[in-house]
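Participant: Submitted below is the structure of interest, expressed as structure tokens.
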Amino acid sequence: MKPDRLLKWFLYGYLGLVFVFIFSPILFSIIFSFNSDRFPTIPLGGFTLKWYETIWQDPDVWEAARTSLLVSFSVATIATFLGFTTAYTDYRYRFKLKPLYLALILLPPTIPLIIMALAMLAWFAKIGLSGQVFSIIIAHTVLTAPFAMAIIRLRLSQMDESLEAAAWNLGANQWRALRRVIIPFCRPAIVSSFCLTAAVSFDEFAIAWFISGLNKTIPVVILEIVTGNIDPQVNAIGSFVFLTSMTLVIIAQVVLMTKNKTEKENHD
Amino acid sequence: MTDSLVEFDSVVKKFGDFTAVERMNFTIDEGEFVAIMGPSGCGKTTTLRMLAGLEQPSEGEVRMQGRVMNAVPAHERDTPLVWQSLALFPFLNARENVEFGLQMRGVDAATRRKRALDWLDRLEIGEFAERDISSLSGGQKQRVALARSLVTEPKILLLDEPLSALDANLVIRMQSMLTRLQRELGITFVYVTHSQSEAFAMADRVVIMSRGRIAQIGTPKDIYRAPDNRFVAEFVGRNNIISGKIKSSSGKSVLINGSLGDFKVSLGGRAKPSPGDEGSFVIAADLVHLSSKKPRAGNQIECSLISEEFIGSVVTLFLEARDGSEFKVQIQERELADMDLKHTGKVFVSWDPERAHYIGAD
């Protein structure tokens, strides 16, 4: 009993430390974004919205935000579509070379980001697509589609195998069964995969930095500001990015979890 | 033959090297309640899935009303199936589930709604029409699944072990509901089950399958009293099977010599065994007479009592004969109480040769 409790508190403590290490820099960045002093020192200066006003008036930041939103929305749409179609082909069909097919799809996250970024840069330069918004979308889609596929595949694996056949049996052809049964069943996974891929793309720096050219995304702009000088407006942008990503991730989690909960009750 | 609805003509179904269904020939009449029964893996569900178009026969033809159905895809058939898992759509409520088939057939929203509600009412779950599937009980879900299949007014309804998830009380109630429904609608029910009690309680005809083949087709009573072969006799249960060599044959009856002596068995008509052949016969546990004193003559075996199984008014006694073979006897609990077997230990079982049923060697 006693060692068990000790272990439990030790693990809680460990978990707590992990959270502190992850979130304290972010928390401080948020705090300093409202600090009137130019340098992040303690004691803090007065409260100010100056840095937010600065970025609000900075056309570069606006431009980057617009690019980032466009990219992450397009990436989320394409990656979720690809993820769904791949997961469904895996679920529905048996074919030769299927392990190869799945390995190919799951490959991108195993490649180091820098290597992938360099490879993308070289490739896009070669085919004359470098520095375009379009190329960032392609690169990010390659990076995020595996996540979408994994989430939707998990959902499909929870589906009663008779469900699709039941739709056929009731007069739905394959296409209508897909639209009326498979997609509604996967909706929570589709929504959460959309949010997650959007969040990953919105945050992603390495690839974007290599191939964005003049169409900078938010993370690229942040780096440029940081390298130029020490400026608390970075904290303000950071807070904004953090808020966006967190919102997307939390939506994704909530959608997935509430659905699982109702289904668990349903099995009792 | 004229009003047969479904015909299986030399149907074979293979999955790779595995033959799930082997040369199946049988017909199902309009308005008939047919149960397909057998142990798991015998091919009964595959047979049902071929009817629904979810599997294509590897050889032979499946015909419905004379039309060859082999190449007709599932969604173009009118063969609704009640699934073992029910397969209700969890993201739709009860009424929307029932409407699904009508919607696929292009019925307009108002008519769809009315017909769905009518069916839910008919199955006594009208008040749950707008409820989520997850909030319904097992029996209510069962009724939604039935309504969903019947709302399109099919000629045939396929059922794949639909009651296997319900508790015993509910099974009895659902059985009588299904039988009543089938009589009222006058449509064909094809019911796959591994449960003998379900098949015998509801079906007009029972098809017993074993390893992809039909072991016997007949009324529940035929199957119970006159099994065609050893598999059926054992599968139905509570049967004693005795084998031996045919000693003599009179055309009407044979004398079988087994390790427990000679037994006279009447012949039903089909089998014509000749002396020297191997042969077996079945004597049902409830047709055996039990006594503590040796009967004067006739078929009899001396046994000792091993155990008894009490299931209410009827008791099954498990006896052991001289050669170690088991013998089952089913008698009324009241009768057993009068006999006081515990003291004697030895008992004699005997039976009328007319009651024994001859089966071939196999």
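The values are calculated or read from the model by the stated rules, or taken from the named source; none is laboratory data. The model shown is predicted, which means the values in this text are computed figures rather than measured ones. Neighbour counts are summed over all protein chains in view; Cβ atoms, including those assigned to glycine, are modelled from backbone coordinates with ideal geometry. For accessibility, only protein heavy atoms count, side chains too; no ligands or nucleic acids. Shrake-Rupley method; radii C 1.70, N 1.55, O 1.52, S 1.80 Å.
Participant: Scan region B:62-84 residue by residue and report those that are open to solvent by 60 Å² or more (accessible area, probe 1.4 Å) and within 18 Å of B:VAL190 (Cα to Cα).
Facilitator: B:GLN65, B:ASP78, B:GLN84
Participant: Next up: Looking for something in contact with a Pro (Cβ under 6 Å, 6 or more places away or on another chain), open to solvent by less than 60 Å² (accessible area, probe 1.4 Å) and not acidic (Asp, Glu) - is there at least one such residue anywhere in region B:165-188?
Facilitator: The first filter runs over region B:165-188 and keeps only residues in contact with a Pro (Cβ under 6 Å, 6 or more places away or on another chain), leaving none.
Scanning region B:165-188 turns up no residue that is in contact with a Pro (Cβ under 6 Å, 6 or more places away or on another chain), open to solvent by less than 60 Å² (accessible area, probe 1.4 Å) and not acidic (Asp, Glu).
Participant: While we're here: State all residues of region B:148-168 that are within 16 Å of B:ARG105 (Cα to Cα) and within 12 Å of chain A (Cβ to nearest Cβ); if no residue qualifies, say none.
Facilitator: Passing the criteria: B:ARG148, B:SER149, B:LEU150, B:VAL151, B:THR152, B:PRO154.
Participant: Let me ask you something else. Contact list please: Cβ distance under 7 Å, first residue in region B:31-49 and polar (S, T, N, Q), second residue open to solvent by 10 Å² or more (accessible area, probe 1.4 Å), pairs at least six apart or on different chains.
Facilitator: The qualifying pairs are B:SER40/B:HIS194; B:THR45/B:ASP160; B:THR46/B:LYS13; B:THR46/B:GLU55.
Participant: For region A:38-64, give me each residue that is open to solvent by 60 Å² or more (accessible area, probe 1.4 Å) and in a loop (DSSP other than H, G, I, E, B).
Facilitator: Answer for region A:38-64, where residues must be open to solvent by 60 Å² or more (accessible area, probe 1.4 Å) and in a loop (DSSP other than H, G, I, E, B): A:ARG38, A:PHE39, A:PRO40, A:THR41, A:ILE42, A:PRO43, A:LEU44, A:LEU49.
Participant: Still on this structure: Would it be correct to say that A:THR67 is part of a helix (DSSP H, G or I), polar (S, T, N, Q) and free of Cβ contacts under 8 Å to residues at least 40 places away in the same chain?
Facilitator: Numbers: part of a helix (DSSP H, G or I): yes; polar (S, T, N, Q): yes; free of Cβ contacts under 8 Å to residues at least 40 places away in the same chain: no.
Answer is no for this residue.
Participant: Quick check on my filter: what residues within region B:50-68 are under 22 Å from B:LEU102 (Cβ atoms) and either more than 26 Å from the chain's Cα centre (by Cα) or within 14 Å of another protein chain (Cβ to nearest Cβ) (or both)?
Facilitator: Step one: of region B:50-68, the residues under 22 Å from B:LEU102 (Cβ atoms) are B:51-54, B:64.
B:LEU51, B:ALA52, B:GLY53, B:LEU54, listed by residue number.
Participant: For A:SER157, are the conditions met, namely being more than 9 Å from every other protein chain (Cβ to nearest Cβ), surrounded by fewer than 18 Cβ atoms within 10 Å (Cβ to Cβ) and at pLDDT 90 or above? Spell out the reasoning first.
Facilitator: On the way: more than 9 Å from every other protein chain (Cβ to nearest Cβ): yes; surrounded by fewer than 18 Cβ atoms within 10 Å (Cβ to Cβ): yes; at pLDDT 90 or above: yes.
So A:SER157 passes the test.
Participant: Something else: Is there a residue being of a type in the set (Val, Ile, Thr), over 23 Å from B:PHE18 (Cα atoms) and facing chain A (nearest Cβ under 8 Å) anywhere in region B:69-78? Give the steps one after another, and end with the answer.
Facilitator: Filtering region B:69-78 down to residues of a type in the set (Val, Ile, Thr) leaves B:72.
So of that shortlist, the ones also over 23 Å from B:PHE18 (Cα atoms) come out as B:72.
Subset that is facing chain A (nearest Cβ under 8 Å): none.
Looking through region B:69-78, none of the residues is of a type in the set (Val, Ile, Thr), over 23 Å from B:PHE18 (Cα atoms) and facing chain A (nearest Cβ under 8 Å).
Participant: Select from region A:167-187 the residues that are facing another protein chain (nearest Cβ under 7 Å) and under 33 Å from the mean Cα position of the chain (by Cα) and write down the one among them that is surrounded by the most Cβ atoms within 10 Å (Cβ to Cβ).
Facilitator: Here is the first cut: in region A:167-187, the residues facing another protein chain (nearest Cβ under 7 Å) are A:168-173, A:176, A:181, A:184-185.
Keeping just the survivors that are under 33 Å from the mean Cα position of the chain (by Cα) gives A:176, A:181, A:184-185.
Numbers: A:ARG176: 15, A:VAL181: 24, A:PRO184: 14, A:PHE185: 21.
It comes out as A:VAL181.
Participant: On to the next question. So which residues in region B:123-151 are open to solvent by less than 20 Å² (accessible area, probe 1.4 Å) and not in a helix (DSSP H, G or I), if there are any at all?
Facilitator: B:LEU123, B:ILE125, B:ALA129, B:LEU136, B:VAL151 - these are the residues of region B:123-151 that are open to solvent by less than 20 Å² (accessible area, probe 1.4 Å) and not in a helix (DSSP H, G or I).
Participant: Check region B:278-297 and report whether any residue there is under 23 Å from B:ILE359 (Cα atoms) and modelled with pLDDT under 80.
Facilitator: First, pick out the residues of region B:278-297 that are under 23 Å from B:ILE359 (Cα atoms): B:278-289.
When the remaining residues are screened for being modelled with pLDDT under 80, the result is none.
No, the conditions are met nowhere in region B:278-297.
Participant: Just for region A:1-31: of the residues that are in contact with a Phe, Trp or Tyr (Cβ under 9 Å, 6 or more places away or on another chain) and closer than 16 Å to A:GLN233 by Cβ, which one is most open to solvent (accessible area, probe 1.4 Å)? So that I can check it myself, show each step before the final result.
Facilitator: Quick first cut of region A:1-31, residues in contact with a Phe, Trp or Tyr (Cβ under 9 Å, 6 or more places away or on another chain) only: A:26, A:29-30.
Going one step further and asking which of them are closer than 16 Å to A:GLN233 by Cβ, we end up with A:29-30.
Working: A:SER29: 30, A:ILE30: 52 Å².
The residue in question is A:ILE30.
Participant: Next question, about the same structure. Report yes if B:VAL151 is of a type in the set (Val, Ile, Thr) and touching a helix residue (DSSP H, G or I) at 6+ places or on another chain (Cβ under 6 Å), otherwise no.
Facilitator: Details: of a type in the set (Val, Ile, Thr): yes; touching a helix residue (DSSP H, G or I) at 6+ places or on another chain (Cβ under 6 Å): yes.
Spelling it out, B:VAL151 is indeed of a type in the set (Val, Ile, Thr) and touching a helix residue (DSSP H, G or I) at 6+ places or on another chain (Cβ under 6 Å).
Participant: Just give me the residues in region B:244-287 being part of a loop (DSSP other than H, G, I, E, B), without any contact (Cβ under 8 Å) to a residue 60 or more places away in the chain and open to solvent by 50 Å² or more (accessible area, probe 1.4 Å), in sequence order.
Facilitator: Taking region B:244-287 as the starting set, the residues that turn out to be part of a loop (DSSP other than H, G, I, E, B) are B:250-252, B:259-260, B:267-277.
Okay, now just the ones that are also without any contact (Cβ under 8 Å) to a residue 60 or more places away in the chain, so B:250-252, B:269-270, B:272, B:274-276.
Selection gives B:SER250, B:LYS252, B:ARG270, B:LYS272, B:SER274, B:PRO275.
Participant: Just one of the numbered conditions (1) away from chain B (no Cβ under 14 Å); (2) surrounded by 20 or more Cβ atoms within 10 Å (Cβ to Cβ); (3) not in a helix (DSSP H, G or I) is not true of A:ASP231; which one?
Facilitator: So A:ASP231 meets the others, but not (2).
Participant: What's the total number of residues in region A:148-193 that are in a loop (DSSP other than H, G, I, E, B) and touching a Gly at 6+ places or on another chain (Cβ under 7 Å)? Write out each step before concluding.
Facilitator: Step one: filter region A:148-193 for residues in a loop (DSSP other than H, G, I, E, B), giving A:158-161, A:170-173.
Retained after the next criterion (residues that are touching a Gly at 6+ places or on another chain (Cβ under 7 Å)): A:170-171.
Count: 2.
Participant: Return only the number of the condition from (1) assigned to a strand (DSSP E or B); (2) within 10 Å of another protein chain (Cβ to nearest Cβ); (3) polar (S, T, N, Q) that B:SER85 does not satisfy.
Facilitator: Against the list (1) assigned to a strand (DSSP E or B); (2) within 10 Å of another protein chain (Cβ to nearest Cβ); (3) polar (S, T, N, Q), B:SER85 comes up short only on (1).
Participant: Now a separate question. Sort out which residues of region B:139-196 are among the hydroxyl-bearing types (Ser, Thr, Tyr), touching a strand residue (DSSP E or B) at 6+ places or on another chain (Cβ under 6 Å) and closer than 23 Å to B:GLN216 by Cα, and write them in order of number. First the steps, then the outcome.
Facilitator: Applying the first criterion (among the hydroxyl-bearing types (Ser, Thr, Tyr)) to region B:139-196 yields B:149, B:152, B:164, B:176, B:179, B:188, B:191, B:193, B:195.
Keeping just the survivors that are touching a strand residue (DSSP E or B) at 6+ places or on another chain (Cβ under 6 Å) gives B:149, B:188, B:191, B:193.
Passing the criteria: B:THR188, B:TYR191, B:THR193.
Participant: Pairs needed: first member in region A:103-115, in a helix (DSSP H, G or I); second member anywhere, at pLDDT 85 or above and among the charged types (D, E, K, R); C-beta distance under 9 Å; at least 6 residues apart or different chains.
Facilitator: From region A:103-115, the pairs are A:ILE105/A:ASP90; A:LEU113/A:GLU204.
Participant: Right, here's the next one. Please determine, by comparing only the residues of region B:88-122 that are in a loop (DSSP other than H, G, I, E, B), in contact (Cβ under 8 Å) with a residue 40 or more places away in the chain and of a type in the set (A, V, I, L, M, F, W, C), which one is least open to solvent (accessible area, probe 1.4 Å). Show your work before the answer.
Facilitator: Pass one, region B:88-122, residues in a loop (DSSP other than H, G, I, E, B): B:88-92, B:105-108.
When the remaining residues are screened for being in contact (Cβ under 8 Å) with a residue 40 or more places away in the chain, the result is B:88-90, B:92, B:105.
Checking which are of a type in the set (A, V, I, L, M, F, W, C) leaves us with B:88-89, B:92.
Values: B:LEU88: 18, B:PHE89: 0, B:LEU92: 24 Å².
Within region B:88-122, the match that is least open to solvent (accessible area, probe 1.4 Å) is B:PHE89.
Participant: Also: Going by the conditions given, is B:GLY41 open to solvent by 10 Å² or more (accessible area, probe 1.4 Å) and closer than 20 Å to B:ASP160 by Cβ? Write out each step before concluding.
Facilitator: Details: open to solvent by 10 Å² or more (accessible area, probe 1.4 Å): yes; closer than 20 Å to B:ASP160 by Cβ: yes.
For B:GLY41, the condition - open to solvent by 10 Å² or more (accessible area, probe 1.4 Å) and closer than 20 Å to B:ASP160 by Cβ - is met.
Participant: Something else now. Quick one: would you say A:MET149 is away from every other protein chain (no Cβ under 14 Å), touching an Asp or Glu at 6+ places or on another chain (Cβ under 9 Å) and closer than 30 Å to A:ALA65 by Cα? Step through it out loud before you land on a result.
Facilitator: Working: away from every other protein chain (no Cβ under 14 Å): yes; touching an Asp or Glu at 6+ places or on another chain (Cβ under 9 Å): yes; closer than 30 Å to A:ALA65 by Cα: yes.
When the stated conditions are applied, A:MET149 passes them.
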